[in-house]
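Engineer: Encoded as structure tokens, here's the structure I'll be asking about.
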Amino acid sequence: MSAPIRVLICDDQALIRTGFATITDAQPDLEVVGECEDGRAAVDLAGPLNPDIVVMDVRMPVLDGIEATRLLAGAGVARPVKVLVVTTFNLDEYVYEALHAGASGFLLKDAPAAQLLNGIRTVATGEALLAPEVTRRLVGRYAARIRPAESAAADTGLTPRELEVLRLIANGLSNGEIAATLVISPETVKTYVSRILTKLGLRDLVQAVVHAYRSARRWSTPTAALW
């Protein structure tokens, strides 16, 4: 049996922190290695505790979740830690900033327990987690904040099929769903995804979605076609 996924829970609300920890620790494949109430503590604990993933709140004292995410998973971090951000919908502007800081995904705090657990497992295995029910509203609204220089390659380098895959990624489809939609194998989808990330200089599917929304207005197909 493989070692359990090591999880660090960071939230300044004790009830939420304890609830997340209790739900997570009850799973045989997950292990809560620590809890903390602010981003500074999460950064300090990540070294000695060596978590596979940090479940991170956004608004916290001392150091907020966005800055903590940047220090844990941002560009230039020597040993990046995967971060799953949880937030309330009325704080959606912070979600884009967290993704831009290096988070591998996000969920809403009122998500069912099963969705939280699936999110932890998904992000820990190296995949990005994009909650379909909020991706369009959150990322679509705030992707325009990406600086133009960061998306200069938006319109170049992708083949028509790669662009089609990128649109499906932006719509929140998993690799398996993309494979079914395009009638190709999951392995082929992975190849396309790898090429897209390489050509556009992106780290993961979260960045790909943000990139897709930012670029949609310049594609020949209207933005609405993403949906």
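Engineer: Which is farthest toward the positive dipole end of region 35-76 among Leu63, Cys36, Gly76, measuring Cα position about the Cα centre, with Cβ charges +1 (Lys, Arg) and -1 (Asp, Glu)?
Structural biologist: After comparing all options, I get Gly76.
Engineer: Could you check the spin-label model distance between Glu177 and Ala114? Points 7 Å from the Cα along Cα→Cβ, value in nm.
Structural biologist: Placing both labels 7 Å along Cα→Cβ, they lie 1.6 nm apart.
Engineer: Here's another thing I want to ask about it. Using 0.36 nm times the number of residues separating Ala14 and Ser194, minus their current alpha carbon distance, what extension gain do you get?
Structural biologist: Contour length minus the Cα-Cα distance gives 60.8 nm.
Engineer: Order the peptides 72-79, 38-45 from the highest to the lowest mean number of other Cβ atoms within 10 Å of their residues.
Structural biologist: 38-45, 72-79
Engineer: Around Ala21, what is the net charge, scoring Lys/Arg as +1 and Asp/Glu as -1 over all other residues with Cβ under 11 Å from its Cβ?
Structural biologist: Around Ala21, the charge tally is -3.
Just so you know, all these numbers are worked out from the coordinates, no wet-lab data involved. Given the structure is predicted, the values throughout are model-derived calculations rather than measurements. Every residue, glycine among them, receives a Cβ derived from its backbone with ideal geometry; neighbour counts consider all protein chains shown.
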